[in-house]
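Q: Below is the structure I would like to discuss, written out as structure tokens.
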């Protein structure tokens, strides 16, 4: 097989996979093709799922949306918006981060990479809103798992396994998602000039308050200019969502509780939108010049220490999301490994891990973008890959060598 | 269950001796009297006497037990507190029960990172009790939360009355330590979110003890809402109550809890608990709103208005914490309440799209007359999770059998209307033979191949979840079955 394959439906897709199985021909699974920069460099014949798109059903009162896997996110978001709902995990649009246009990604790509935005800390990740699917495995068989209701424990939770599997296990053809009411209103409490350690303490305090805190982020002074209209000093943001009356009480009381960290500005819904979109879409670490960008997960209260351990040894720009639980880092002097040893060493000391989100192909081949973990976990991952895709046809090597 | 292997039964003394060499002293139970305590779990209709029970107290001991069992070719049934309602911990006569009861300590309370690290035998409620002094709690609250263990909650991916808003176990879990059948110990996740690589944490959650033995759990804890208020809403019919539920959600409100009971359940609960329920109501809703006081005030008014529009006949709002708990007391004691009006009952568990509720309840009444058995319904209304309670008397010949068939018909009905076989209790042995109504043979084979990646000899909790057991070697073969067409005309770009 050569050229690009574009199956019209699941049946054609199945036949393509069967042919690939016979010919032992690896396939690169793409739909929006906006995430080729993530993971190890793709290989194989491009298999373009773009025609497997469209809404299957949407019942807002059941909180359930079913769509074909290559349905563009912009379409899904517009259907949800009409019903006053959203995907609570706040999926980012990383097109521009990878030097591609915005608005091109598909739901299948978002699920396959388990991408989640600032609200993840409250509402869960993409995987927590992924309820069921139909797919084709590496044997060329159609199979399904999960269901079309919001609560289900029937059989293994293969949705979790497929979310974040980078298309290495099966080709999704249809997904069922949990849709939730969008917040009525939004307020952001913004504190200026905090150090990283004070910011981490303040954000932790906000999450220990009895209010509906939906996100917390900290952007240092050197990156604040990229948030739109806020410059010159660091900014620490705490976001509340809910009915307007509740938001007033939340911002008043939490601002009072955080008075030791300075007077807070209150941003209304309109003023909140830009900074949170920037935090979500990694805008503070633009320009997209191909420099290495890392995403580290650490216990939130340890974020400032982890950042200090990295900046002591490596030139980086950084900011925090998830109240410190997520650290975004751009490496300024990357060296041969993109800073892997220093970044992974520092966050590993706190029990965390780091994913290389963007780098040149050379660095992505040399440095595992995803940390394979212990030898035992890697061996198990290989056996799981084999249980779905015995000949490693799908996105071969996108996660680890051979997986 | 699969017929016990005679050769294994004949080696019993050797197996017990080998286990004693690994776990000393009272960690191995082989005496018939003591074993009887383990012959069933919360699904008491099924019983079996295990070969032996082993109670290790460290992760290393668990590893040695599993290694020994693998070398001996002996099956292992993991067990937490034994409260499973689907028979997840039902012993095998030719297998060893591995009890995690000695893993009963909370290891770390980390308020700064809002998480708790606990051993798997710690009771669900004990986690909340350990952090409530600081204003925190652990959200998933299965009704057996006083007794059920956190390890068992992970194995079954347990829910509770608050899970529409706060999620089930998998949504509240950060890390696990797990021992594989190979004796290997894996640490997954930790105090941070979203490990990279395959989501093994998510896969193990709800795997019903078939993939590994959990030896440590890290859960996230949440700040307890300032205010919680319950509305008690009586409706003339389940249809009206169901419409109210749909309207609340359509209004963009996700209550902390939203429970429905049908008339037989209302009567049983009221007679038992005296919670002040309207005995004549066709259906009762308890809607709990939580959050900051101003938010709760606002939402209470909105839910009241919706309930009036839906024809509510009884409307009470809790004015105190005492009254809120009283509203809940009837619902929370629904199971023992039904236990008082019937010698035995089955607690079923299926999920349906909510819009199908009245159809399902009507059909259930027909089935009730056909089988000559009473049924009462409690229902996690927000997420469509039904718990029909089938009343029977095991001492009346034929009733158990009829109750089982009635239950199976209800679950098939759930699947027929677009739902699933189990919302929060797991498949276990109870629903194993119904898996084919929801999944194709290919679906089930794919799941079993995942099992093979963890446990190639099929020694961990076999006979649960899957109706037909295949050997891993057979499942692993790759058949190349090219279809008739090769798509020579397929557009290529």
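The values are calculated or read from the model by the stated rules, or taken from the named source; none is laboratory data. Worth saying up front: this structure is predicted, and the values here are computed from it rather than measured. Here the Cβ is made from the backbone with ideal geometry for all residues, glycine too, and neighbour counts use every protein chain on show.
Q: Could you tell me whether residue B:370 is more than 10 Å from chain A (Cβ to nearest Cβ) and modelled with pLDDT under 95? Write out each step before concluding.
A: Numbers: more than 10 Å from chain A (Cβ to nearest Cβ): yes; modelled with pLDDT under 95: no.
Against the criterion (more than 10 Å from chain A (Cβ to nearest Cβ) and modelled with pLDDT under 95), residue B:370 does not qualify.
For every residue, the table says whether it meets (1) under 23 Å from the mean Cα position of the chain (by Cα); (2) at the interface with chain B (Cβ under 7 Å from one of its Cβ atoms); (3) within 24 Å of residue B:211 (Cβ to Cβ).
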residue: A:159; (1), (2), (3): yes, no, yes
residue: A:167; (1), (2), (3): yes, no, yes
residue: A:170; (1), (2), (3): yes, no, yes
residue: A:173; (1), (2), (3): yes, no, no
residue: A:183; (1), (2), (3): yes, no, no
residue: A:192; (1), (2), (3): no, no, no
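Q: Please enumerate the residues belonging to segment A:226-262 that are under 15 Å from residue A:203 (Cα atoms), outside any helix (DSSP H, G or I), away from chain B (no Cβ under 14 Å) and touching a helix residue (DSSP H, G or I) at 6+ places or on another chain (Cβ under 8 Å).
A: Initial filter on segment A:226-262 (under 15 Å from residue A:203 (Cα atoms)): A:234-240, A:250-251, A:253-262.
This time we only want the ones that are outside any helix (DSSP H, G or I), so: A:234-240, A:258, A:262.
Keeping just the survivors that are away from chain B (no Cβ under 14 Å) gives A:234-237, A:239, A:258, A:262.
Answer for segment A:226-262, where residues must be under 15 Å from residue A:203 (Cα atoms), outside any helix (DSSP H, G or I), away from chain B (no Cβ under 14 Å) and touching a helix residue (DSSP H, G or I) at 6+ places or on another chain (Cβ under 8 Å): A:234, A:235, A:236, A:237, A:239, A:258.
Q: Within segment B:88-107, can you find the residues that are more than 14 Å from chain A (Cβ to nearest Cβ), farther than 30 Å from residue A:303 by Cβ and assigned to a loop (DSSP other than H, G, I, E, B)?
A: Matches in segment B:88-107: B:89, B:90, B:91, B:92, B:93, B:94, B:100, B:101, B:102, B:103, B:104.
Q: Yes or no: residue A:38 buried (at least 17 other Cβ atoms within 10 Å of the Cβ), assigned by TED's automatic domain parsing to the domain that holds residue A:167, under 23 Å from residue A:132 (Cα atoms) and within 23 Å of the chain's Cα centre (by Cα)?
A: No.
Q: If you go through segment A:137-176, how many residues are crowded, with 24+ Cβ neighbours inside 10 Å and touching a residue at least 60 places away in the same chain (Cβ under 8 Å)?
A: 14
Q: Got a number for residues in segment B:427-472 being within 9 Å of another protein chain (Cβ to nearest Cβ) and not in a helix (DSSP H, G or I)?
A: Within segment B:427-472, residues that are within 9 Å of another protein chain (Cβ to nearest Cβ) and not in a helix (DSSP H, G or I) number 7.
Q: Being in contact with a strand residue (DSSP E or B) (Cβ under 8 Å, 6 or more places away or on another chain) and either in a loop (DSSP other than H, G, I, E, B) or at the interface with chain B (Cβ under 9 Å from one of its Cβ atoms) (or both) is true for just one of A:108, A:103, A:140. Which residue is that? Before you say what the answer is, go through the steps one by one.
A: Working: A:108 fails: either in a loop (DSSP other than H, G, I, E, B) or at the interface with chain B (Cβ under 9 Å from one of its Cβ atoms) (or both); A:140 fails: in contact with a strand residue (DSSP E or B) (Cβ under 8 Å, 6 or more places away or on another chain).
Testing whether each residue is in contact with a strand residue (DSSP E or B) (Cβ under 8 Å, 6 or more places away or on another chain) and either in a loop (DSSP other than H, G, I, E, B) or at the interface with chain B (Cβ under 9 Å from one of its Cβ atoms) (or both) leaves just A:103.
Q: Which of (1) more than 14 Å from every other protein chain (Cβ to nearest Cβ); (2) within 21 Å of residue B:226 (Cα to Cα); (3) free of Cβ contacts under 8 Å to residues at least 60 places away in the same chain; (4) in contact with a helix residue (DSSP H, G or I) (Cβ under 8 Å, 6 or more places away or on another chain) does residue B:278 not meet, given it meets every other one?
A: Every listed condition holds for residue B:278 apart from (2).
Q: To continue, here is another question. Of all residues in segment A:300-309, which are within 7 Å of another protein chain (Cβ to nearest Cβ) and crowded, with 24+ Cβ neighbours inside 10 Å? Give the steps one after another, and end with the answer.
A: Of segment A:300-309, the ones within 7 Å of another protein chain (Cβ to nearest Cβ) are A:300-301.
Correct list: A:300 only.
One line per residue, one yes/no per condition, for (1) crowded, with 24+ Cβ neighbours inside 10 Å; (2) at pLDDT below 95; (3) in the same structural domain as residue B:368 (by TED's automatic domain parsing); (4) on the phi > 0 side of the Ramachandran plot:
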site	(1), (2), (3), (4)
B:251	no, yes, no, no
B:261	yes, no, no, no
B:278	no, no, no, no
B:307	yes, no, no, no
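Q: Against the definition (at pLDDT 95 or above and within 9 Å of another protein chain (Cβ to nearest Cβ)), how does residue A:125 come out, yes or no? Steps first, answer last, please.
A: Numbers: at pLDDT 95 or above: yes; within 9 Å of another protein chain (Cβ to nearest Cβ): yes.
When the stated conditions are applied, residue A:125 passes them.
Q: I need the full set of residues from segment B:168-197 which are touching a strand residue (DSSP E or B) at 6+ places or on another chain (Cβ under 9 Å), more than 7 Å from chain A (Cβ to nearest Cβ) and on the phi > 0 side of the Ramachandran plot, in order please.
A: Residue satisfying the conditions is B:189 alone.
Q: Just checking, which of A:10, A:67, A:33 is more than 9 Å from every other protein chain (Cβ to nearest Cβ) and either crowded, with 21+ Cβ neighbours inside 10 Å or modelled with pLDDT of 95 or more (or both)?
A: From the options A:10, A:67, A:33, the qualifying one is A:67.
Q: Hey, another quick one. Can you tell me which residue is surrounded by the most Cβ atoms within 10 Å (Cβ to Cβ) among those in segment A:381-403 that are touching a strand residue (DSSP E or B) at 6+ places or on another chain (Cβ under 7 Å) and at negative phi?
A: To start, the set of residues in segment A:381-403 that are touching a strand residue (DSSP E or B) at 6+ places or on another chain (Cβ under 7 Å) comprises A:388-389, A:393-395.
Applying the additional criterion that residues be at negative phi yields A:388-389, A:393-394.
Details: A:388: 25, A:389: 24, A:393: 25, A:394: 27.
If we take residues in segment A:381-403 being touching a strand residue (DSSP E or B) at 6+ places or on another chain (Cβ under 7 Å) and at negative phi, then A:394 is surrounded by the most Cβ atoms within 10 Å (Cβ to Cβ).
Q: Please count how many residues of segment A:347-381 are facing another protein chain (nearest Cβ under 9 Å), touching a residue at least 12 places away in the same chain (Cβ under 8 Å) and in a helix (DSSP H, G or I).
A: So the answer is 3.
Q: Among (1) more than 7 Å from every other protein chain (Cβ to nearest Cβ); (2) out of contact with any helix residue (DSSP H, G or I) (no Cβ under 7 Å at 6 or more places or on another chain); (3) surrounded by 24 or more Cβ atoms within 10 Å (Cβ to Cβ), there is one condition residue B:237 misses while meeting the rest; what is its number?
A: (3)
Q: Is one or more of the residues making up segment B:474-482 touching a helix residue (DSSP H, G or I) at 6+ places or on another chain (Cβ under 9 Å) and away from chain A (no Cβ under 11 Å)?
A: no
Q: While we're on this one: Which residues, taken from segment B:352-396, are over 28 Å from residue B:255 (Cα atoms) and without any contact (Cβ under 8 Å) to a residue 40 or more places away in the chain?
A: Selection gives B:365, B:366, B:368, B:369, B:370, B:371, B:372, B:373, B:396.
Q: Shifting gears a bit: Name the residues in segment B:331-357 that are out of contact with any strand residue (DSSP E or B) (no Cβ under 8 Å at 6 or more places or on another chain) and crowded, with 16+ Cβ neighbours inside 10 Å, would you?
A: So in segment B:331-357, the residues out of contact with any strand residue (DSSP E or B) (no Cβ under 8 Å at 6 or more places or on another chain) come out as B:332-333, B:336-337, B:340, B:354, B:356.
If the condition is that a residue be out of contact with any strand residue (DSSP E or B) (no Cβ under 8 Å at 6 or more places or on another chain) and crowded, with 16+ Cβ neighbours inside 10 Å, then B:332, B:333, B:337, B:354, B:356 are the ones that fit.
Q: If you check residue A:384 against the conditions, is it in a helix (DSSP H, G or I), assigned by TED's automatic domain parsing to the domain that holds residue A:168 and in contact (Cβ under 8 Å) with a residue 24 or more places away in the chain?
A: Working: in a helix (DSSP H, G or I): yes; assigned by TED's automatic domain parsing to the domain that holds residue A:168: yes; in contact (Cβ under 8 Å) with a residue 24 or more places away in the chain: yes.
Yes, satisfied.
Q: Working only within segment A:274-306, note down all residues that are part of a helix (DSSP H, G or I) and without any contact (Cβ under 8 Å) to a residue 12 or more places away in the chain. Before the answer, list the steps.
A: Filtering segment A:274-306 for residues part of a helix (DSSP H, G or I) gives A:274-280, A:283-285, A:300-306.
Listed by number, the list holds a single entry, A:277.
Q: Now for a separate question. Report yes if residue B:159 is in contact (Cβ under 8 Å) with a residue 40 or more places away in the chain, under 14 Å from the mean Cα position of the chain (by Cα) and part of a helix (DSSP H, G or I), otherwise no. Don't jump to the end; show me each part of the working.
A: Numbers: in contact (Cβ under 8 Å) with a residue 40 or more places away in the chain: yes; under 14 Å from the mean Cα position of the chain (by Cα): yes; part of a helix (DSSP H, G or I): no.
No, not satisfied.
Q: Inspect all residues belonging to segment B:216-228 and state whether any of them is under 20 Å from the mean Cα position of the chain (by Cα), surrounded by 24 or more Cβ atoms within 10 Å (Cβ to Cβ), facing another protein chain (nearest Cβ under 8 Å) and on the phi < 0 side of the Ramachandran plot.
A: No: segment B:216-228 contains no residue that is under 20 Å from the mean Cα position of the chain (by Cα), surrounded by 24 or more Cβ atoms within 10 Å (Cβ to Cβ), facing another protein chain (nearest Cβ under 8 Å) and on the phi < 0 side of the Ramachandran plot.
Q: Further, regarding this structure: With the condition kept exactly as written, say whether any residue in segment B:201-222 is closer than 27 Å to residue B:286 by Cα and outside any loop (DSSP other than H, G, I, E, B).
A: Let us first name the residues in segment B:201-222 that are closer than 27 Å to residue B:286 by Cα, namely B:220-222.
Okay, now just the ones that are also outside any loop (DSSP other than H, G, I, E, B), so B:220, B:222.
Yes.
Q: Turning to a different aspect of this structure: Of everything in segment B:108-143, what is within 14 Å of chain A (Cβ to nearest Cβ) and assigned to a strand (DSSP E or B)? Give them in sequence order. Reasoning before the result, please.
A: Quick first cut of segment B:108-143, residues within 14 Å of chain A (Cβ to nearest Cβ) only: B:108-117, B:131-137, B:139-140, B:142.
Passing the criteria: B:108, B:109, B:110, B:115, B:116, B:117, B:136, B:137.
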